[in-house]
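These notes are about the structure you will find just below.
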Amino acid sequence: MSDYDAIILGAGAAGLMCAAVAGQRGRKILLVDHADQAGKKILISGGGRCNFTNVHTAADRYISANPHFAKSALGRYSAQDFLALVESYGISWHEKTLGQLFCDGSAKQIVEMLLDECDKGRVDLSPGRAVTGVDHADGRYRVSLDGRTVTAPALVIATGGPSIPKMGATGFAYDLARQFGLKVVEPRPALVPLTLGGDETLFRELSGVAAEVVATAGKTAFREAALFTHRGLSGPAILQASSYWRNGQPVGIDFLPDRESGWLPAAKRTTPRATLRKLLGSTLPDRLAETLSERLGMTSEISTLTDRKLQDAERALSHWQFTPNGSEGYAKAEVTAGGISTAELSSQTMQAKRVPMLYAVGEAVDVTGWLGGYNFQWAWASGWAAGQVL
C-alpha cells in the first residue's frame, strides 16, 4: 500500500495542471490515468496544434447551472497566465480568429510542457492503470488500481466527460461523484454537429457546402461558418449553437447577415432581370443559392414578383429555421455539457462542500466553454485552483 498527499484521477489537461501545481508546492502526488499516455485529448485538439486558450476568456462564455461559478478560478488563473507558461518553454504560437491561440508546431509541445512541470513537482505518474475501486474511511481515500492499493487524504476527480469515447472517455466521474453523494447535472453532448430529418433531409444534398451565417439557439447567436453535412449541420456556428440547443427546439440561421432590410425590392428596381438564385450567388455558394431559391419557390426573374413576396423572402433568408431531430452524440461532441453540480463545490478551491478533501476539476464539472480554447482555459484554471490548496 502506498501513501500520498493526494491522488488525482485523470491525466488530461485539468489533471496534469493540478498535479504540476500541487507537486511544485511540495505535495506528494499520484496522477493516475487508464490511458497508456497522458494528455491524449490534448494531442488531437485543434487539428493536432492544440487551441490551448482564448484571449477573450470570461465567465459569460461558459454554460453552467451557476453562471457565476467559473469567475473565481478564471479570474485567478487567466489566459495570459497560461500563455506566459507556454512562452517560458519557448513554444511558438499564433492567434487565429476570435482570440483563439494555437501552437505553431504540435500539440505534443503542450503535453511535454505539462509533463515537464509535473517532473519539477516530482509527481508520480501512473498511466495505463484502471481504477477498480474507490472508498473513503478514517480520513483517507483508498484507490484500487489493478490489484495495487494507494491511499491519500485528498482525491481529485479529473476524468472528464463521456465525449469522444473512442479516446477512452467515459462517465466515470459522474459515477464517482454519485458514490459520494454529489449531485450531477444531466450530461449531454456539446459542441456537436446536429442532424436533420424529414423534409429537411433535402439539405443533406449540400454536403460539403459552407457559408458564413449567424446561427441562433434560444437567445444566443454566433456568427461563424456553418457547414452542411451528409447527416445535417456542422461548422463552428452550429457547434457553438448546439451547446445551447435542446431537443425539439429550432435553430435559426441568418444566411445574409450583412444585407440590410429592403435589399430585394431595391434589387428589383436596379436589376429586374436577375433571379433570386443569381442575387444570392453573389454572397452564398451557388448550390446553396439554388436550393434556397427553390425552397422559397422563387425561380423566375424578380421583376415578376411583388415587393411583398420579396420582403417575405428576405425575412425567410434571415430567419431560416431548421428543427434538428438530434445530434451526432458523444462520438462527435468536442465536450460534455452538464456534469458534477457546481452547487456541490467551492468556486475558490473546487473542493466538495459536504465531502472532506474531495475535489473535481475540468470537464467533469458542470462548466462548459464555447468553441475556441475556452474549455482548455477552464481546465488550466480549475486545475490550478485545486492544486493551490491540495
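The values are calculated or read from the model by the stated rules, or taken from the named source; none is laboratory data. Values in this document were obtained by computation on a predicted structure and should not be read as measured data. Don't worry about glycine lacking a Cβ; one is built from the backbone with ideal geometry, like all the others, and counts go over all protein chains shown. These accessible areas exclude ligands, DNA and RNA; they are computed on the full protein's heavy atoms, side chains included. Shrake-Rupley method; radii C 1.70, N 1.55, O 1.52, S 1.80 Å.
Restrict the check to region 222-232 and report whether at least one residue is at pLDDT 95 or above and out of contact with any helix residue (DSSP H, G or I) (no Cβ under 8 Å at 6 or more places or on another chain). Outline the logic, then answer.
Just the residues of region 222-232 that are at pLDDT 95 or above, to begin with: 222-232.
Imposing the further condition that a residue be out of contact with any helix residue (DSSP H, G or I) (no Cβ under 8 Å at 6 or more places or on another chain) reduces the set to none.
Within region 222-232 (the criterion being at pLDDT 95 or above and out of contact with any helix residue (DSSP H, G or I) (no Cβ under 8 Å at 6 or more places or on another chain)), the answer is no, since none of the residues qualifies.
Which residues, counting only those in region 186-203, are buried (at least 19 other Cβ atoms within 10 Å of the Cβ), at negative phi and either outside any helix (DSSP H, G or I) or not aromatic (Phe, Trp, Tyr) (or both)?
PRO187, ARG188, PRO189, ALA190, VAL192, PRO193, LEU194, THR195, LEU196
In region 164-207, what count of residues is obtained for those that are among the β-branched types (Val, Ile, Thr), out of contact with any strand residue (DSSP E or B) (no Cβ under 6 Å at 6 or more places or on another chain) and closer than 17 Å to ILE238 by Cα?
1
Out of (1) modelled with pLDDT of 95 or more; (2) part of a loop (DSSP other than H, G, I, E, B); (3) open to solvent by less than 60 Å² (accessible area, probe 1.4 Å), the odd one out for ARG122 is which?
If we test ARG122 against (1) modelled with pLDDT of 95 or more; (2) part of a loop (DSSP other than H, G, I, E, B); (3) open to solvent by less than 60 Å² (accessible area, probe 1.4 Å), just (3) comes out false.
Here are some residues: VAL213, VAL209. Which one is under 29 Å from SER64 (Cα atoms), more than 19 Å from the chain's Cα centre (by Cα), open to solvent by less than 30 Å² (accessible area, probe 1.4 Å) and not acidic (Asp, Glu)? Quick ask: steps written out before the conclusion?
Numbers: VAL209 fails: under 29 Å from SER64 (Cα atoms).
Matching residue, one of VAL213, VAL209: VAL213.
Given the structure, is ARG49 touching a Cys at 6+ places or on another chain (Cβ under 8 Å) and either buried (at least 19 other Cβ atoms within 10 Å of the Cβ) or among the basic types (Lys, Arg) (or both)?
Yes.
Within region 208-241, work out how many residues are hydroxyl-bearing (Ser, Thr, Tyr) and in contact with a strand residue (DSSP E or B) (Cβ under 6 Å, 6 or more places away or on another chain). Steps first, answer last, please.
Keep residues of region 208-241 that are hydroxyl-bearing (Ser, Thr, Tyr), which gives 216, 220, 229, 234.
Add one more test, that the residue is in contact with a strand residue (DSSP E or B) (Cβ under 6 Å, 6 or more places away or on another chain), and what stays is 216, 234.
Total satisfying the criteria: 2.
Is it the case, given these coordinates, that ALA313 is outside any strand (DSSP E or B), within 30 Å of ALA73 (Cβ to Cβ) and open to solvent by less than 10 Å² (accessible area, probe 1.4 Å)? Can you show your working first?
On the way: outside any strand (DSSP E or B): yes; within 30 Å of ALA73 (Cβ to Cβ): no; open to solvent by less than 10 Å² (accessible area, probe 1.4 Å): yes.
No; evaluated as a whole, the condition is false for this residue.
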